[in-house]
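The values are calculated or read from the model by the stated rules, or taken from the named source; none is laboratory data. Since this is a predicted model, take the numbers as computed values, not measurements. FYI the Cβ positions are ideal-geometry reconstructions off the backbone, even for glycines, and counts take in every protein chain you see.
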Amino acid sequence: MKKYLLGVLVLILVCACSTNEQQMTLTGSIDGLKKGTVLLQKIEDTVLVSVDSVHINGDETFQLSEAMEEPEVYFLYLRLKNGDLLDERIPFFAEPKEMSITTSLENFGSDAKISGSENQDKIAEYNKLIKRYTDRNLDLIKSELEAMQSNNDSLIAAIQKQKNTLRSGRVLATVNFAKNHSEYELAPYLMLTEAFDVQVKYMDTVYHALTPKIKDSKYGVELESLIAERKNDLD
């Protein structure tokens, strides 16, 4: 009987440890926030749902947690004391470990500093790469508006051609980044969100470069399904 009880106790402890290993604990602070509710959200079946929340009353620090099986994109959201929701969310690549987000009430999204996730670190690298394309596109939009005001049709056509080339370059940069980071869950995620309309051959190239673990991940399975759907449409 004692051996049986000991076995049960060991099993409980093992399960508890396993659960802890698959838990994200998110701590952080929102400078300037006195009262409000911090919400942890994720997308389930195309619907954004709240999975945890904490009420802030005088202390701008918070702690949220979520049991999760694998790295996945979550969102940090804020409801103010009057019930109004901020217009911006903080997206981040969550991982089942200790993570931290610090930001401010005034610049909730842009001031966000996120740590504790390798996928998030790679997303930051990707955003830095893509910023060059974004900045150049803004310059072209400004030039295009000026050309439209002066009715310069030839210049408008030239600028539109540059914009198309830039758009293609951005997509290919995304494909290359995903391929070069095939051991991270962000690789199929980028293909699904930033390069979903690329030629299916590029999707195939990235998918086949993924490690077995990433192929079996949530975003890996979704990418495989998208490729199959796109190929079926071509038949």
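Looking only at residues in segment 125-155 that are among the small types (Gly, Ala, Ser) and part of a helix (DSSP H, G or I), which one is farthest from Pro71 (Cα to Cα)? Steps first, please.
Initial filter on segment 125-155 (among the small types (Gly, Ala, Ser)): 143, 147, 150, 154.
Restricting the remaining residues to those that are part of a helix (DSSP H, G or I) gives 143, 147, 154.
Working: Ser143: 41, Ala147: 46, Ser154: 48 Å.
Out of the qualifying residues, it is Ser154.
Based on what the data block shows, is Lys122 out of contact with any helix residue (DSSP H, G or I) (no Cβ under 9 Å at 6 or more places or on another chain) and either part of a helix (DSSP H, G or I) or surrounded by 14 or more Cβ atoms within 10 Å (Cβ to Cβ) (or both)? Full working, then the answer.
Details: out of contact with any helix residue (DSSP H, G or I) (no Cβ under 9 Å at 6 or more places or on another chain): no; either part of a helix (DSSP H, G or I) or surrounded by 14 or more Cβ atoms within 10 Å (Cβ to Cβ) (or both): yes.
In short, no.
Going through segment 125-138 one residue at a time, which ones are among the hydroxyl-bearing types (Ser, Thr, Tyr), more than 13 Å from the chain's Cα centre (by Cα) and surrounded by 13 or more Cβ atoms within 10 Å (Cβ to Cβ)? Let's see the steps before the verdict.
Going residue by residue through segment 125-138, those that are among the hydroxyl-bearing types (Ser, Thr, Tyr) are 126, 133-134.
From what's left, more than 13 Å from the chain's Cα centre (by Cα): 133-134.
Hit for segment 125-138 is Tyr133, nothing else.
Within segment 67-99, take every residue that is over 21 Å from Ile123 (Cα atoms) and among the acidic types (Asp, Glu) and give me the one that is farthest from the chain's Cα centre (by Cα).
The residue in question is Asp84.
Can you say whether Glu66 is among the acidic types (Asp, Glu), under 29 Å from Pro188 (Cα atoms), surrounded by 15 or more Cβ atoms within 10 Å (Cβ to Cβ) and touching a strand residue (DSSP E or B) at 6+ places or on another chain (Cβ under 6 Å), as far as the supplied structure shows? Write out each step before concluding.
Numbers: among the acidic types (Asp, Glu): yes; under 29 Å from Pro188 (Cα atoms): yes; surrounded by 15 or more Cβ atoms within 10 Å (Cβ to Cβ): yes; touching a strand residue (DSSP E or B) at 6+ places or on another chain (Cβ under 6 Å): yes.
Answer is yes for this residue.
Given the criteria among the small types (Gly, Ala, Ser), over 23 Å from Asp233 (Cβ atoms), at pLDDT below 95 and in contact with a helix residue (DSSP H, G or I) (Cβ under 7 Å, 6 or more places away or on another chain), does Ala147 qualify?
Numbers: among the small types (Gly, Ala, Ser): yes; over 23 Å from Asp233 (Cβ atoms): yes; at pLDDT below 95: yes; in contact with a helix residue (DSSP H, G or I) (Cβ under 7 Å, 6 or more places away or on another chain): yes.
Spelling it out, Ala147 is indeed among the small types (Gly, Ala, Ser), over 23 Å from Asp233 (Cβ atoms), at pLDDT below 95 and in contact with a helix residue (DSSP H, G or I) (Cβ under 7 Å, 6 or more places away or on another chain).
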- Could you tell me whether any residue of segment 190-213 is more than 19 Å from Lys128 (Cα to Cα), assigned to a loop (DSSP other than H, G, I, E, B) and either at pLDDT 95 or above or of a type in the set (Gly, Ala, Ser) (or both)? yes
- Message: When you scan segment 107-118, do you find a residue that is touching a residue at least 12 places away in the same chain (Cβ under 8 Å), within 30 Å of Leu39 (Cα to Cα), of a type outside the set (S, T, N, Q) and part of a helix (DSSP H, G or I), even just one?
- Response: yes
- Looking only at segment 156-189, and only at residues there that are touching a residue at least 40 places away in the same chain (Cβ under 8 Å) and in a helix (DSSP H, G or I), the one that is nearest to Lys122 (Cα to Cα): Leu186
- Of the criteria (1) at pLDDT below 95; (2) over 22 Å from the mean Cα position of the chain (by Cα); (3) aliphatic (A, V, I, L, M), which one Ile141 fails: (1)
- Task: Taking the options Thr193, Thr174, name whichever one is in contact with an Asp or Glu (Cβ under 7 Å, 6 or more places away or on another chain) and under 24 Å from Ser217 (Cβ atoms).
- Result: Thr174
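Limited to segment 1-30, what total is found for residues that are exposed (fewer than 13 other Cβ atoms within 10 Å of the Cβ) and either touching a Lys or Arg at 6+ places or on another chain (Cβ under 9 Å) or at pLDDT 95 or above (or both)?
In the first step, residues of segment 1-30 are kept if they are exposed (fewer than 13 other Cβ atoms within 10 Å of the Cβ); the result is 1-21.
Going one step further and asking which of them are either touching a Lys or Arg at 6+ places or on another chain (Cβ under 9 Å) or at pLDDT 95 or above (or both), we end up with 21.
Result for segment 1-30: 1.
So which residues in segment 135-155 are free of Cβ contacts under 8 Å to residues at least 24 places away in the same chain and either touching a Ser or Thr at 6+ places or on another chain (Cβ under 6 Å) or under 30 Å from Leu186 (Cβ atoms) (or both), if there are any at all?
Passing the criteria: Asp135, Leu138, Asp139, Ile141.
Inside segment 148-189, can you point out the residues that are among the β-branched types (Val, Ile, Thr) and exposed (fewer than 13 other Cβ atoms within 10 Å of the Cβ)?
Filtering segment 148-189 for residues among the β-branched types (Val, Ile, Thr) gives 156, 159, 165, 171, 174-175.
The one that is among the β-branched types (Val, Ile, Thr) and exposed (fewer than 13 other Cβ atoms within 10 Å of the Cβ): Thr165.
Are there strands (runs of 3 or more DSSP E) fully within segment 26-84 with at least 2 residues that are among the β-branched types (Val, Ile, Thr) and free of Cβ contacts under 8 Å to residues at least 12 places away in the same chain? List them. Can you show your working first?
Working: elements: 35-44, 47-57, 61-67, 72-80.
Hits in segment 26-84: 47-57.
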